[in-house]
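Participant: I have a structure I would like to understand better, so I am pasting it below and will then ask my questions one at a time.
Since every read-out is calculated from the coordinates, none of them should be taken as a lab result. What you are looking at is a predicted structure, and each value in this text was computed from that prediction instead of being measured. As a convention, Cβ positions derive from the backbone with ideal geometry for all residues, glycine included, and neighbour counts pool all protein chains shown.
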Amino acid sequence: MDPHNTPEPSHPEDNKKEITITVTVGKHVNLAMQQNSVPIIRELIIRNPGDSVLQDIEICVESDPAFMRPHSVSVPLFL
């Protein structure tokens, strides 16, 4: 191995193009809120900072313990 031809170390900034998901939820959940359809998830933000376009994404939400029915949303194109 040539010591003068070593690969450059990768920098953390180079790997920042990951998809991120941020969720804002209510602090408390109770039966009355569930019965009155008060949303538990207040905000769902998905960021795609990369150059690639994502297609046919399915977002699935479920709880553990299972106090709600799982819910899925299809997103045909995500830029």
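Participant: Enter the per residue convex hull volume of the range 16-78, computed from alpha-carbon coordinates, in Å³ rounded to the nearest integer.
Facilitator: For the range 16-78, the hull spanned by Cα atoms encloses 101 Å³ per residue.
Participant: Excluding Ile40 itself, what net charge comes from residues whose Cβ is under 15 Å from its Cβ, given Lys and Arg +1 and Asp and Glu -1?
Facilitator: 0
Participant: HN-Hα J couplings of the range 56-70 from phi, Karplus 6.51/-1.76/1.60, θ = phi - 60°, integer Hz, Gly and Pro as x?
Facilitator: 6, 7, 10, 9, 10, 10, 8, 10, 9, x, 7, 9, 9, 6, x
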